[in-house]
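Student: Got a structure for you, written out below as structure tokens; questions coming shortly.
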Amino acid sequence: MNIALTVIVGTLIVLAIYMLAKHANNSKGYKLSIHQIAAQRYVSQGRFEQAKFEIEQAIEKNPSDSLNYYALGVIYYNLKEHNKALKNLKQAVLIDRNNWDAWFLMGRIYYERYDNEKAIKYFDKALGANPSMIKAHFGLASILFERGQIQEAAEHYRKI
């Protein structure tokens with residue numbers, strides 16, 4: 001399996017898990033909108049433009065739902081439009097500071113841009129929201145290892 005496909009499949013899984021977790025844990029009985037469900041279906045088929053349209057419709061109807069901005073950020077990430085992804089991910093965490101997946105994806109984007117300072121910042125924020133987030137520990141460990149900070153990297157590797 002090539003790296004691009006692995007990233008897409010991984011991102012799809014994260015999006016699906018986040019949507020299910022939000023649905024299961026919301027004490028107000030959160031229900032996915034018809035647009036969110038359609039977007040999930042399109043994303044699973046690799047039809048990101050259609051998914052983007054559906055999430056934009058969901059945002060129009062409910063602009064205060066952080067899930068919509070996170071989903072749009074994931075879609076833009078898969079479309080390789082990282083500036084738009086960051087804009088939507090930042091909106092998601094503005095609404096829900098505990099959205100560790102949004103914090104993580106921002107860190108990943110900065111890591112891919114070789115901006116390790118910002119990557120560290122966002123991986124740390126992801127861990128602040130979810131201290132057991134394996135991907136964030138791995139991201140931090142990778143950066144620290146590259147910098148020769150072996151002891152600090154080892155601390156994060158042990159948590160994986």
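The values are calculated or read from the model by the stated rules, or taken from the named source; none is laboratory data. Just so it is clear, the structure is predicted and the values come from calculations on it, not from any experiment. For neighbour counting, all protein chains shown are included, and Cβ atoms are generated from backbone atoms with ideal geometry for every residue, glycine included.
Student: Which one of 143, 160 is of a type in the set (A, V, I, L, M, F, W, C) and surrounded by fewer than 17 Cβ atoms within 10 Å (Cβ to Cβ)?
Tutor: The match here is 160.
Student: Hey, can you tell me all the residues within the stretch 25-82 that are of a type in the set (Gly, Ala, Ser) and more than 22 Å from residue 106 (Cβ to Cβ)?
Tutor: Selection gives 27, 29, 33, 38, 44, 46.
Student: Now, a different point. Taking the stretch 43-64 as the search range and keeping residues that are hydrophobic (A, V, I, L, M, F, W, C) and free of Cβ contacts under 8 Å to residues at least 24 places away in the same chain, which one is farthest from residue 30 (Cα to Cα)?
Tutor: Out of the qualifying residues, it is 53.
Student: Then there's this: Does residue 61 satisfy the condition of being within 14 Å of the chain's Cα centre (by Cα), of a type in the set (D, E, K, R), outside the structural domain of residue 128 (by TED's automatic domain parsing) and over 14 Å from residue 126 (Cβ atoms)?
Tutor: So residue 61 fails the test.
Student: How many residues does the stretch 46-64 hold that are touching a Lys or Arg at 6+ places or on another chain (Cβ under 9 Å) and outside any helix (DSSP H, G or I)?
Tutor: 1
Student: Of the numbered conditions (1) loosely packed, with under 12 Cβ neighbours inside 10 Å; (2) assigned to a helix (DSSP H, G or I); (3) at pLDDT 95 or above, residue 17 satisfies every one except a single condition; which is it?
Tutor: Exception for residue 17: condition (3).
Student: Working only within the stretch 66-120, note down all residues that are aromatic (Phe, Trp, Tyr) and within 19 Å of residue 51 (Cβ to Cβ).
Tutor: Passing the criteria: 69, 70, 76, 77.
Student: Looking at the stretch 136-152, can you tell me whether even one residue there is in contact (Cβ under 8 Å) with a residue 24 or more places away in the chain and of a type in the set (Val, Ile, Thr)?
Tutor: yes
Student: Of the residues in the stretch 130-154, how many are of a type in the set (A, V, I, L, M, F, W, C) and under 13 Å from the mean Cα position of the chain (by Cα)?
Tutor: Count: 2.
Student: Being surrounded by fewer than 16 Cβ atoms within 10 Å (Cβ to Cβ) and either assigned to a loop (DSSP other than H, G, I, E, B) or not assigned by TED's automatic domain parsing to the domain that holds residue 75 (or both) is the filter; apply it to the stretch 21-45 and report the residue that is modelled with the lowest pLDDT.
Tutor: In this case the residue turns out to be 27.
Student: Checking the condition farther than 26 Å from residue 80 by Cα, out of contact with any Asp or Glu (no Cβ under 8 Å at 6 or more places or on another chain), in a helix (DSSP H, G or I) and not assigned by TED's automatic domain parsing to the domain that holds residue 66, which residue from 145, 123 passes?
Tutor: Checking each option against the conditions leaves just 145.
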